[in-house]
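Student: After the structure tokens below, expect a handful of questions from me.
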Amino acid sequence: MAHVVQPLDQPSNYKDSQSRVERAKQNDLLSKSTTLYIGNLSFYTTEEQIYELFTKCASPEDGGGIKRIIMGLDRNTRTPCGFCFVEYYTHAEALASMKYVSGTKLDERIIRCDLDLGYKEGRQFGRGKSGGQVRDEHRQDYDPGRGGWGAQAQRLEAERRREVEERYADAQEGPGAVAGGGGDWKETETTVTSRKRGRSPDDEGDNVRMGHHRSRDDMEVERM
């Protein structure tokens, strides 16, 4: 039965492409590692949220605890891009997090934990061409927790919009361009309206007198 169920505290077969450590040496380092790589985070998850979750597997009574958390950042914008490193004081704490935290929800996302060889300066930055993670370069779905569409989809959409704007600009400037939206007509209408004289009290009096004359004429017709 032990061979059927995969242990939850075993590292994956992932090998850092930029690490020059051989596989045997890597396995030896992972067997003593106190650092975890956390993936599939939301861009909006904070360091405080991560600390609150992973401190549940800390053992301060045994001299353990979380030593530090390194947030993964976009290389260009220096904003979170969906991963981090959690470094404990003991290897047992790291294994406990793999058992009980990996595969659970944080910020409505299923996060992944894996033993790491150890953090080195520079690893906090995404390795994708756009500055974020490589997985977000090729992602074709819309994920609001990871910045919307993938980087390639965003570039294609930006190019499409630019082409539409250029075609629209050519249509406005080239031969046979459509006239503007009637701005001259609006100015003329405003000028004519402003020239209308307002009604004065004398006008009211004239109207009343004209009304009396009409009524008298009508009376004369009735008499005849």
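The values are calculated or read from the model by the stated rules, or taken from the named source; none is laboratory data. This is a predicted model, so every value here is computed, not measured. Cβ atoms come from the backbone with ideal geometry, glycine included; neighbour counts cover every protein chain shown. Remember, those area values only see protein heavy atoms, side chains included, never the ligands or the DNA or RNA. Shrake-Rupley method; radii C 1.70, N 1.55, O 1.52, S 1.80 Å.
Student: Of the cross-linked pairs 67/120; 105/129; 32/129; 56/105; 32/67, which ones have a Cα-Cα span greater than 24 Å in the structure shown?
Tutor: Flagged as over cut-off: 105/129; 32/129.
Student: Let me ask something else about it. As a test of reading the structure, rank 157, 52, 108 by solvent-accessible area (1.4 Å probe, protein chains only), most first.
Tutor: Descending order: 108, 52, 157.
Student: Just to be sure I understand the model, the point goes 7 Å from the Cα along the line to the Cβ. What's the resulting residue 79 to residue 14 distance in nm?
Tutor: Modelled inter-label distance: 2.3 nm.
Student: Let me ask something else about it. Over region 1-153, what percent of the accessible surface lies on carbon and sulfur atoms, probe 1.4 Å?
Tutor: 53
Student: Under 5 Å between amide H atoms, partner at least 5 residues away or on a different chain: which partners does residue 67 have, H built in plane at 1.01 Å?
Tutor: 87, 88, 89
Student: Please turn the phi angles of region 8-13 into ³J(HN,Hα) values with the Karplus equation 6.51 cos²θ - 1.76 cosθ + 1.60 (θ = phi - 60°), one per residue in order, whole Hz, x for glycine and proline.
Tutor: Rounded to whole hertz, the list is 7, 9, 9, x, 6, 8.
Student: Report the extension gain between residue 99 and residue 27 in nm, rounded to one decimal, defined as 0.36 nm multiplied by the number of residues separating them, less their alpha carbon distance.
Tutor: Taking 0.36 nm per residue and subtracting the Cα distance, the gain is 24.1 nm.
Student: Accessible area per residue, 1.4 Å probe, Å², for region 70-122: what's the number?
Tutor: That works out to 48 Å² for each residue.
Student: For 87, 22, write out the residues from largest to smallest accessible area, computed with a 1.4 angstrom probe and no ligands counted.
Tutor: Ranked from most to least accessible, the order is 22, 87.
Student: In addition: Provide the FRET efficiency to the nearest 0.05 for the residue 69-residue 154 pair, computing r from the beta carbons and using R0 = 30 Å.
Tutor: 0.55
Student: Restricting things to alpha carbons, tell me how big region 1-127 is in terms of Rg and Dmax, in Å.
Tutor: 14.5, 49
Student: Moving on to the next point. Please report the spacing between the Cα centers of region 133-151 and region 25-76 in Å, no decimals.
Tutor: 23
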